[in-house]
Amino acid sequence: MKFFTLLIALISINFNQKSDKLNGRYNYLIEDENQYIQKDKITFKDSVFIFDNKFMPKGKISYGNTIVLDNFINTDLVITISQDQIQKDTIEFDMHDRNDTDYLNIVTGKGRLIKIK
């Protein structure tokens, strides 16, 4: 009986844990003159993301203290997301131009990802 209770407790703890990776479908919006403009829909699955627009390339996600999305729209654009944003339904992100020196410290734009439920 103790084993059965322990097994149920471990299973319930496992189901209640949140994922530390981006998963699901989002609308992505770009900030332009203090307004957010919806651009496209994007699907995240573990370490890959795919745009609904079939002509856009797949991209890679790197997880660490900051989440980095490589190959976002084009090869020169990199997106960074703070780790504390990952569980929110609206995720704020910064855009960076890979052509800049020390590009991860220079923000060239901002945007939002809004979860589609």
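Every number in this text was worked out from the coordinates using simple rules, so none of it is lab data. Predicted model only: the values in this text are computed from it and were never measured. Because the Cβ atoms are built from the backbone with ideal geometry, glycine has one as well, and the counts that use them run over all protein chains shown.
Summary table
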| read-out | value |
| --- | --- |
| Size of electric dipole in region 77-117: Cβ of Lys, Arg +1 and of Asp, Glu -1, about Cα centre, debye, nearest 20 | 320 debye |
| Per-pair calculated FRET efficiency, R0 = 22 Å: Asp89 and Asp20 via Cβ, rounded to 0.05 | 0.85 |
| Distance in nm between pseudo-label sites at Met56 and Ile114 (7 Å out along the Cβ direction from Cα) | 1.5 nm |
